[in-house]
1. Out of residues 5 or more away from residue 87 or on other chains, whose amide H comes under 5 Å of its own, with H placed 1.01 Å from N in the peptide plane?
2. Accessible area of residue 102, 1.4 Å probe, to the nearest 10 Å²?
3. Could you check the simple spin-label distance between residue 37 and residue 72, using points 7 Å along Cα→Cβ, in nm with one decimal?
4. Residue by residue through the range 55-63, what is 3J(HN,Hα) from phi via Karplus (6.51 cos²θ - 1.76 cosθ + 1.60, θ = phi - 60°)? Round to whole Hz and write x for glycine and proline.
5. Calculate the spin-label point distance for residue 12 paired with residue 60, positioning each point 7 Å from the Cα along the beta-carbon direction, and give it in nanometres.
6. Would you kindly state how much longer the chain becomes between residue 46 and residue 24 on full extension, computed as 0.36 nm times their sequence separation minus their alpha carbon distance, in nm to one decimal?
Amino acid sequence: MKQAMLNLMMMTGGFAPFRFVNRRKALILMYHRFSQDDGGAATSARSFRRQLGYLASHYEIVPLTFLAERLANNKSLPSGVAAITIDDGYTDAYEIAFPILREHNATATMF
């Protein structure tokens, strides 16, 4: 149900008001585990690919270090930026997430 609602919001532009209100703030997404299959607690490759496609078309995906440097130097953030983080460094991040990130020429910070 949750995934269906997210899909509906992405297809109908339901996130546009959120993007407008937060346009001067950075969006930081945190992922933990990835899987090839849908279902379960891990983010499936299909969902991650779709989410990255959405992000790439609506945001400039930047490294987390870019945001940290801007904030540390009291510089304003550009509009429409997003950073991706991945916790714990499981092999699924390399085997599943990394190829998808590469498809979208996107960076992620792994912890």
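1. Correct list: 31, 32, 111.
2. 150
3. Simple spin-label model gives 4.3 nm for this pair.
4. So the Karplus estimates, Gly and Pro as x, are 4, 5, 8, 10, 9, 9, 7, 10, x Hz.
5. 3.2
6. 5.0 nm
The values are calculated or read from the model by the stated rules, or taken from the named source; none is laboratory data. Source: prediction; values computed, not measured. Glycine also receives a Cβ, built like all others from the backbone with ideal geometry; neighbour counts cover every protein chain displayed. Note: areas computed on protein heavy atoms with side chains; ligands, DNA, RNA excluded. Shrake-Rupley method; radii C 1.70, N 1.55, O 1.52, S 1.80 Å.
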